[in-house]
1. If you scan the range 1-30, which residues turn out to be in a helix (DSSP H, G or I), of a type in the set (A, V, I, L, M, F, W, C) and over 25 Å from the mean Cα position of the chain (by Cα)?
2. Going by what's in this entry, would R27 be described as at pLDDT 95 or above and either surrounded by 10 or more Cβ atoms within 10 Å (Cβ to Cβ) or acidic (D, E) (or both)?
3. Regarding T33, is this residue under 18 Å from the mean Cα position of the chain (by Cα) and surrounded by 10 or more Cβ atoms within 10 Å (Cβ to Cβ)?
Amino acid sequence: MGEVVNLNKARKARDKVEARRVADANRLTFGRTKAERLTTQKERDRDAARLDGHKLDEPET
């Protein structure tokens with residue numbers, strides 16, 4: 001005879017492994033701190049302002 005398996009425990013263990021996999025993927029996608037997000041936003045704003053400052057005015061005809 002085979003080993004007795006509690007199906008509820010097997011299902012819960014399988015679901016837990018799946019939840020960990022999803023959590024790991026989400027950490028890679030969304031796992032940035034607020035400070036990192038603000039730093040990136042400030043860099044983008046600074047770069048956009050620098051680019052706008054280098055634009056030449058179009059001459060009027």
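1. Taking the range 1-30 and keeping what is in a helix (DSSP H, G or I), we get 7-30.
Remaining after also requiring of a type in the set (A, V, I, L, M, F, W, C): 7, 10, 13, 17, 19, 22-23, 25, 28, 30.
The answer is L7, A10, A13.
2. Numbers: at pLDDT 95 or above: no; either surrounded by 10 or more Cβ atoms within 10 Å (Cβ to Cβ) or acidic (D, E) (or both): yes.
In short, no.
3. Details: under 18 Å from the mean Cα position of the chain (by Cα): yes; surrounded by 10 or more Cβ atoms within 10 Å (Cβ to Cβ): no.
No; evaluated as a whole, the condition is false for this residue.
The values are calculated or read from the model by the stated rules, or taken from the named source; none is laboratory data. Computed from a predicted model, the values in this text were never measured in an experiment. Reconstructed Cβ throughout: ideal geometry from the backbone, glycine too, with neighbour counts over all protein chains shown.
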